[in-house]
Amino acid sequence: MTLFEELRDDHDTQRTLLDLLVKTEGNSEGRDELFHKVKAELQRHAAAEERALYIPMMEHDSTQEKARHSIAEHHEIDELIETLENTDYSSSSWVASAQKLQHLVTHHLDEEEQEIFQAAGKVLSKSQEKELAGVYRKEMDAQRKN
């Protein structure tokens, strides 16, 4: 598998989890469990993606700006997760923030798949794409153990 295939698989997981999260209700065990699953998945993915995709992209002038933009979006996602952590599950603003998170993450994933991957594909060799898939998986596994 290439790095892009690995990332797309995890993007699909994130879309599914977020779709389920915004459908949860009130201060329920299901909402708590799903929120913690979403938070862990997004944080692991961002850390591994930055190491396997964005750091290599920063080495090329033509992809540096796109990589910086995506890393900035990861920080926006982190801030929104923090807002959700500090909001009562039964609050109506929690649902609004969860929907905002879903929108932000979906926009980010779509942008990566439609723009970032193509840009990275122009500067990374096929062997790098395969090698970086291994870097990504290894980092995801390390993040899961933390």
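The values are calculated or read from the model by the stated rules, or taken from the named source; none is laboratory data. These figures come from a predicted structure and were not determined experimentally. Positions of Cβ are generated from backbone atoms using ideal geometry, with glycine treated the same way; all protein chains shown enter the neighbour counts. Calculation scope for accessible area: heavy atoms of the full protein, side chains included, ligands and nucleic acids excluded. Shrake-Rupley method; radii C 1.70, N 1.55, O 1.52, S 1.80 Å.
Step by step: first the residues of the stretch 5-30, then only those that are modelled with pLDDT under 95 and either of a type in the set (S, T, N, Q) or assigned to a helix (DSSP H, G or I) (or both), then the one that is nearest to I116 (Cα to Cα). Which residue is that? My answer is T24. Looking across the stretch 55-65, the residues that are surrounded by fewer than 18 Cβ atoms within 10 Å (Cβ to Cβ) and either in a helix (DSSP H, G or I) or among the hydroxyl-bearing types (S, T, Y) (or both) come down to I55, M58, D61, S62, Q64, E65.
Let's see how each residue does on (1) buried (at least 19 other Cβ atoms within 10 Å of the Cβ); (2) at pLDDT below 95; (3) under 19 Å from D10 (Cα atoms):
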residue: D78; (1), (2), (3): no, no, yes
residue: E82; (1), (2), (3): no, no, no
residue: H103; (1), (2), (3): no, no, yes
residue: E111; (1), (2), (3): no, no, yes
residue: Q114; (1), (2), (3): no, no, yes
residue: A120; (1), (2), (3): yes, no, yes
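Candidates S62, S70: the one that is modelled with pLDDT of 95 or more, of a type in the set (S, T, N, Q) and closer than 20 Å to S125 by Cβ is S62.
No other residue among S70, S91, S97, S62 is in contact (Cβ under 8 Å) with a residue 60 or more places away in the chain and either in contact with a Cys (Cβ under 7 Å, 6 or more places away or on another chain) or of a type in the set (G, A, S) (or both) apart from S62.
Scanning the stretch 1-54 for residues that are of a type in the set (K, R) and either open to solvent by 50 Å² or more (accessible area, probe 1.4 Å) or farther than 17 Å from D141 by Cβ (or both) gives R8, R15, K23, R31, K37, K39, R51.
Restricting the search to the stretch 131-146, which residues are exposed (fewer than 13 other Cβ atoms within 10 Å of the Cβ) and in a helix (DSSP H, G or I)? Show your work before the answer.
Taking the stretch 131-146 first, the residues exposed (fewer than 13 other Cβ atoms within 10 Å of the Cβ) are 141, 144-146.
Within the stretch 131-146, D141, R144, K145 meet the criteria.
In this structure, E25 does not satisfy being charged (D, E, K, R) and closer than 18 Å to L109 by Cβ.
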